[in-house]
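Asks: After the structure tokens below, expect a handful of questions from me.
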Amino acid sequence: MTTSASTTSLHATQRVFEPRRNRPDWRGWAFVGPFMIVFALVFLAPLAYALYLSLFRDQLIGGSVFVGLENYATALVDPKFWEAFGRVFVFLLVQVPIMLLLALGAALAIDSARLRGASFFRIVIFLPYAVPAVVAVLMWGYIYGDQFGLTANLNDLFGFPLLTPFAREWMLVSIGNIVTWEFVGYNMLIFYSSLKTIPGELYEAAALDGAGAWRTIFSIKIPAVRGAIVIATIFSIIGSFQLFNEPNILRPLAPNVITTYYTPNMYAYNLSFAGQQFNYAATVAIIMGVITAVIAYVVQLRGSRAEVR
């Protein structure tokens, strides 16, 4: 009897302390629930609606009709879309490396102990990023104006058109200069923050081995910030394919050069709000989103493999 009572008591104790595995625990969802609701409303719902719009087409007779993938087939052979895409792709290949190299050079210079007033230069370089994009483009538009502003004054001084920022062959360069001015400080801060995480023991070991400043940069600092470079590159790729503010604001100053389809985003914007072609605009936006995601993923994958090596 005593053994049986002890066994019964033991089983009762085990049942008391046994975790309730069959009952779901919703406490985790209570924490992430607000974020998931906002994420669904501001990201998933608009994306789903854009995808829905891209499958229809408005007609004069019959109204909105389901056309399946016809809008995508039309976009893939649309010369305006591919001209706009090719323009931003060239912009990406030229502007992004220059901007990232300038940002990396600035971060290395500020991180160096040889630079005096590093805090001042860090603020000065980062300050353009704090300027609203619209204000920055308006400011540079005034500088670029060949009928007014700094460019006009220089051309009058030399007596011939020395600078033509709004010429067709220089427009993309002019826009690239504005974007570089805006975002060098942002990328510099990413690189500088990564440099600050390098252990001081590595610098001490390099000094004991007789490594100079350049050897330290290429053997310690740049490999240490490779992950930050990959992140900055992905952000820059996304930003390049989303190019809109700069050409759209400069368009009144050079309407014959900057067309309504100068970039894919401008093309989708004007299709939607000027041409009332909401379905085709949604199609262009989705195609650009897929292309951007694929290219960003490839860059991230190659960067991850380089880090493993």
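Asks: Using the Cβ atoms and a cut-off under 14 Å, what net charge is assigned to the surroundings of residue 258, where Lys and Arg are +1 and Asp and Glu are -1?
Replies: Around residue 258, the surrounding residues sum to +1.
Asks: Over what distance in Å are the Cα centres of region 209-243 and region 259-303 separated?
Replies: Going from one Cα centre to the other spans 28 Å.
Asks: Along the principal axes of its C-alpha atoms, what lengths does region 103-152 span, in descending order and rounded to whole Å?
Replies: Over region 103-152, Cα extents along the principal axes are 45, 21, 17 Å.
Asks: Another one. Suppose we flag chymotrypsin sites (Phe, Trp or Tyr not before Pro) only when DSSP calls them loop and at most 14 other Cβ atoms lie within 10 Å. Which is the longest uninterrupted stretch of the chain?
Replies: Answer - 149-309.
Asks: Just grab the label-to-label distance for residue 294 and residue 276, each label 7 Å out from Cα along the Cβ direction, in nm (one decimal).
Replies: Rounded to a tenth, the inter-label distance reads 3.4 nm.
Asks: Counting helices only, and only those DSSP H runs with n ≥ 4, report the 222 nm mean residue ellipticity of the chain as the sum of -39,500 (n - 2.57) divided by its residues, in deg cm²/dmol to the nearest 500.
Replies: Calculated mean residue ellipticity at 222 nm is -22500 deg cm²/dmol.
Asks: Does anything in region 158-176 have its amide N under 16 Å from the 7 Å Cα→Cβ label point of residue 256, and if so which residues?
Replies: The answer is 161, 164-171.
Asks: Given points 7 Å out from each Cα along the Cα-Cβ axis, report the residue 67 to residue 138 separation in nanometres with one decimal.
Replies: 3.9
Asks: At 30 Å minimum axial length over the Cα atoms and a Kyte-Doolittle cut of 0.5, report the qualifying DSSP H helices in the chain, or say none.
Replies: Qualifying helices: 79-111, 171-195, 278-308.
Asks: Calculated FRET efficiency, residue 126 and residue 202, Cβ-Cβ r, R0 25 Å, to nearest 0.05?
Replies: Here the calculated transfer efficiency is 0.45.
Asks: Could you let me know the centre-to-centre spacing of region 28-59 and region 90-154, using Cα atoms, in angstrom?
Replies: Here the two parts' Cα centres lie 36 Å apart.
Asks: Per Stokes-Einstein, at 10 °C and 1.306 mPa s, what whole-number D in µm² s⁻¹ belongs to region 231-309, with the Kirkwood radius over Cα pairs as the hydrodynamic radius?
Replies: Value of D from the Cα-based Kirkwood radius: 113 µm²/s.
Asks: Continuing with this model, one more query. How far apart, in nanometres, would the label points at residue 25 and residue 219 be if each is projected 7 angstrom from Cα along the Cα-to-Cβ direction?
Replies: For the pair residue 25/residue 219, the computed spacing is 4.9 nm.
Every number here is computed from the coordinates shown, using simple stated rules; none is lab data. Computed from a predicted structure; not experimentally measured. Please note: Cβ atoms are built from the backbone with ideal geometry, for glycine as well, and neighbour counts cover all protein chains shown.
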